[in-house]
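Scroll down for the structure; my scribbles are underneath it.
Coordinate-derived values only; no laboratory data. Predicted model only: the values in this text are computed from it and were never measured. Neighbour counts are summed over all protein chains in view; Cβ atoms, including those assigned to glycine, are modelled from backbone coordinates with ideal geometry.
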Amino acid sequence: MPKTTENYGFKKPLYNENADVAVLNENMDSLDEILTPSISANTAPTSVSKGKLSTVLGWFANRIKAITGKSSWYTNPSVTLEDCKNHIQNGTHANATVASSGFMSAVDKQKLDYATSEYSANRLILRDSYGRAKVQTPSGSYDIVNKSYVDNNFVSKNTDTTMSAKLTAQSNTAYSTKQVRNIVIWTSGDTPPSTSSGDVLIKVF
């Protein structure tokens, strides 16, 4: 009784047996079938590095499908490796816009590289290691205000100061509310000077 090969079961006649053409033909037919396998790309490779020809080819087909992202391993990819090579070498790519993704233009890259926490003109603001950034003294209604401007133009809390701004007193009868009032000094005569609601009248004669 002949022995068989481990993987495909080819018949191996013993040395004491006569050669049988039928056995040789059977082996050749099996080999012909094995060398013309059907490929299935449904199974990913395993950690086992050894497999029958149809299995190994199936692993390759599965990886090709994974690389191209197509539904089958034999479908042409949308972008070839040659396309990728030319794209990288020649820089033939579109810049990103507000409507589409893309690469950063040289101008935008320069803006990022030149970002600073100092008050430099035409630079993006970058906060420093303390989370701070500097701006120039404001000149317009919607400009950012810096600390120097605030210190020079506004009174700090609980700090004594002489008021230089115009202060308009209230004119109402909400006497229980703390608010600024006009003080009218009555210096002479029987008729008090004209006052408005909420004014404080002081007679000094």
Residues whose built amide H sits under 5 Å from the amide H of residue 12, excluding neighbours closer than 5 in sequence, are 3, 4, 5
Whole-Hz ³J(HN,Hα) for each residue in region 149-157, computed from phi via Karplus 6.51 cos²θ - 1.76 cosθ + 1.60 with θ = phi - 60°, x for glycine and proline: what do you get? 5, 5, 4, 8, 10, 10, 7, 5, 4
Percent relative contact order for region 93-165, counting Cα pairs under 8 Å at least six residues apart, stands at 14 percent
Could you check what % of the DSSP bridge pairs in the chain are antiparallel, to the nearest 5? 25 percent
Tell me the net charge near residue 104. Cut-off is 13 Å between Cβ atoms, residue 104 excluded, with +1 for each Lys or Arg and -1 for each Asp or Glu. 0
Give, as a single signed number, the net charge of other residues whose beta carbon lies under 13 Å from the beta carbon of residue 145, with Lys and Arg counted +1 and Asp and Glu -1. 0
The chain: C-alpha pair distances exceeding 24 Å, %: 78 percent
222 nm mean residue ellipticity, helices alone, for the chain (DSSP H n ≥ 4; -39,500 (n - 2.57); rounded to 500): -8000 deg cm²/dmol
Given a Förster distance of 30 Å, the FRET efficiency implied by the Cβ-Cβ spacing of residue 89 and residue 60, rounded to the nearest 0.05, works out to 0.60
Do the alpha carbons of any pairs in 85/109; 3/50; 70/109; 157/203 sit beyond 27 Å of each other, and which pairs? 70/109; 157/203
In the neighbourhood of residue 170 defined by beta carbon distances under 12 Å, the net charge of the other residues (Lys, Arg +1; Asp, Glu -1) is +1
Top of 118, 26, 82 by mean-square fluctuation, Gaussian network on the chain, Cα under 10 Å: 26
Using θ = phi - 60° and the Karplus form 6.51 cos²θ - 1.76 cosθ + 1.60, what ³J(HN,Hα) does each residue of region 199-205 get, whole Hz, x for Gly and Pro? 5, 9, 9, 10, 8, 10, 10
Between residue 186 and residues 5 or more places away or on another chain, which pairs have amide H atoms under 5 Å apart, with H built 1.01 Å from N, and which residues are they? 202, 203, 204
